[in-house]
């Protein structure tokens, strides 16, 4: 089972839009878990961003074998990077995605809900893929391809390439 964990204020519609694609991508049931508060302890005022890694440790793991995906709507970063769309325990059972940079409005562009939800699904599948031990894929269409910028996310699919899908299938059989 994959449990979606809203951290801070997250629209329920966004969480619900993730459930079916995640179930399809990983062959697992999905559900929305309990909301967690957004703690200011990992906020860096000089960057106007949150450090991403502490979010992972705050996410309580569901029962054995299950995965948890935290969803935040704040800007996050990792050491050495200006920002990240998400991070994950690799391999592990916890991941987090940030919605803020997936929105057109972040870049001063008109709101596009369809594009935003597409990006959200891609990032969620990507980060959860890491929790299954998948690494970045050289295929630019594969969901596991590294997104250095939003354009990379827009180009790729929300599905795995045949090679990555084979790895996911093996993991699901265990």
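The values are calculated or read from the model by the stated rules, or taken from the named source; none is laboratory data. The structure displayed is predicted, hence computed values, not measured ones. Positions of Cβ are generated from backbone atoms using ideal geometry, with glycine treated the same way; all protein chains shown enter the neighbour counts.
Name the residue, out of 83, 132, 116, that is at pLDDT below 95 and farther than 22 Å from residue 42 by Cβ.
132
State all residues of the range 1-26 that are more than 15 Å from the chain's Cα centre (by Cα) and surrounded by 12 or more Cβ atoms within 10 Å (Cβ to Cβ); if no residue qualifies, say none.
1, 8, 11, 24
Listed residues 134, 117; which is in a helix (DSSP H, G or I) and within 21 Å of residue 69 (Cβ to Cβ)?
None of the others qualify; the one that does is 117.
Looking at the range 44-63, which of its residues are loosely packed, with under 14 Cβ neighbours inside 10 Å and outside any helix (DSSP H, G or I)?
If the condition is that a residue be loosely packed, with under 14 Cβ neighbours inside 10 Å and outside any helix (DSSP H, G or I), then 44, 45, 46, 47, 48, 60, 63 are the ones that fit.
Has the range 125-138 got at least one residue that is surrounded by 16 or more Cβ atoms within 10 Å (Cβ to Cβ), within 22 Å of residue 91 (Cα to Cα) and over 15 Å from the mean Cα position of the chain (by Cα)?
Narrowing the range 125-138 to residues surrounded by 16 or more Cβ atoms within 10 Å (Cβ to Cβ): 125-132, 134, 137.
With within 22 Å of residue 91 (Cα to Cα) added as a condition, the list becomes 125-132, 134, 137.
After this cut, where a residue has to be over 15 Å from the mean Cα position of the chain (by Cα) as well, the list is 137.
Checked against the condition, which is being surrounded by 16 or more Cβ atoms within 10 Å (Cβ to Cβ), within 22 Å of residue 91 (Cα to Cα) and over 15 Å from the mean Cα position of the chain (by Cα), the range 125-138 yields at least one hit.
Consider the range 137-164. How many of its residues are in a helix (DSSP H, G or I) and in contact with a helix residue (DSSP H, G or I) (Cβ under 9 Å, 6 or more places away or on another chain)?
Adding up the residues that qualify gives 4.
From 116, 85, 77, grab the single residue that is touching a strand residue (DSSP E or B) at 6+ places or on another chain (Cβ under 7 Å), under 19 Å from residue 14 (Cβ atoms) and surrounded by 13 or more Cβ atoms within 10 Å (Cβ to Cβ).
85
In this structure, does residue 9 turn out to be assigned to a loop (DSSP other than H, G, I, E, B) and either modelled with pLDDT under 95 or within 23 Å of residue 131 (Cα to Cα) (or both)?
The answer is yes for residue 9.
Based on what the data block shows, is residue 111 in contact with a helix residue (DSSP H, G or I) (Cβ under 8 Å, 6 or more places away or on another chain), surrounded by fewer than 21 Cβ atoms within 10 Å (Cβ to Cβ) and modelled with pLDDT of 95 or more?
So residue 111 passes the test.
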